[in-house]
Amino acid sequence: MKNLTHIARRALKLPAHNSSSSAAVVNLRCYCANAPPSSPAPNSKLFVAGLSWSVDEKSLKDAFSSFGEVTEVKIIYDKDSGRSRGFGFVHFSKEDNAESAKHAMDGRALLGRPLRISFALERVRGEPVVVPRITNNGDFSSRKT
């Protein structure tokens with residue numbers, strides 16, 4: 001906990017014995033404690049980044065089908081240009097198949113580009129996203145839109 005206090009003071013550039021610094025650090029501790037985990041939990045849906053523009057759903061499915069039954073493949077395209085945005089999703093029928101595909105394919109090249117693979121996060125709809133902001137006096141406030 002002492003290291004977190006030191007890191008927070010350095011990040012906020014607050015003096016070590018300022019009375020307002022401890023309030024800012026307490027708020028930072030609360031914010032950090034509620035932060036999402038750095039690595040999403042394993043599930044059957046993979047996020048695949050680093051896709052070449054020439055990759056289509058069929059070639060992506062073929063690349064991952066050797067690890068188990070692929071139930072869905074979706075590449076995300078730009079609305080205006082119609083070109084791939086360079087990432088997509090691969091759904092497996094079983095979680096362990098997705099995990100083995102992630103470990104085997106992460107960093108491997110597909111059509112000349114190295115893939116970056118992680119477990120996909122579930123999309124949260126309808127929830128407002130609150131981003132804390134540090135004010136001049138070191139207190140946190142919510143960003144108003």
**Q.** Residues satisfying the stated conditions in the range 67-91, i.e. over 12 Å from V48 (Cβ atoms) and either buried (at least 16 other Cβ atoms within 10 Å of the Cβ) or not basic (K, R) (or both)
**A.** F67, G68, E69, T71, E72, Y77, D78, D80, S81, G82
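Yes/no per residue for (1) more than 19 Å from the chain's Cα centre (by Cα); (2) at pLDDT below 95:
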site: F64; (1), (2): yes, no
site: K79; (1), (2): yes, yes
site: F89; (1), (2): no, no
site: F92; (1), (2): yes, no
Q) Which residues, counting only those in the range 45-78, are in a loop (DSSP other than H, G, I, E, B) and without any contact (Cβ under 8 Å) to a residue 40 or more places away in the chain? A) W53, D56, G68, E69, D78
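Yes or no, residue by residue, for (1) in contact with a Ser or Thr (Cβ under 9 Å, 6 or more places away or on another chain); (2) more than 19 Å from F64 (Cβ to Cβ); (3) at pLDDT below 90; (4) surrounded by 12 or more Cβ atoms within 10 Å (Cβ to Cβ):
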{"position": "E95", "(1), (2), (3), (4)": "yes, no, no, yes"}
{"position": "R113", "(1), (2), (3), (4)": "yes, no, no, yes"}
{"position": "F119", "(1), (2), (3), (4)": "yes, no, no, yes"}
{"position": "E122", "(1), (2), (3), (4)": "no, yes, yes, no"}
{"position": "P132", "(1), (2), (3), (4)": "yes, yes, yes, yes"}
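Just to be sure, is S81 part of a loop (DSSP other than H, G, I, E, B) and of a type in the set (S, T, N, Q)?
Numbers: part of a loop (DSSP other than H, G, I, E, B): yes; of a type in the set (S, T, N, Q): yes.
Yes, satisfied.
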Q: Only residues in the range 85-114 that are closer than 11 Å to A63 by Cβ count as the first member; pair them with residues that are open to solvent by 70 Å² or more (accessible area, probe 1.4 Å) and part of a loop (DSSP other than H, G, I, E, B), Cβ under 8 angstrom, at least 6 apart or cross-chain, and list the lot.
A: L111/S54
Q) Does A109 satisfy the criteria of being open to solvent by less than 50 Å² (accessible area, probe 1.4 Å), at pLDDT 75 or above, out of contact with any Lys or Arg (no Cβ under 9 Å at 6 or more places or on another chain) and on the phi < 0 side of the Ramachandran plot? A) no
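The values are calculated or read from the model by the stated rules, or taken from the named source; none is laboratory data. It should be emphasised that the depicted structure is a prediction, and the values quoted were computed from it without experimental measurement. Neighbour counts run over all protein chains shown; Cβ positions are idealised from the backbone, glycine included. Side chains are part of the model used for accessible areas, which takes the heavy atoms of the whole protein and leaves out ligands, DNA and RNA. Shrake-Rupley method; radii C 1.70, N 1.55, O 1.52, S 1.80 Å.
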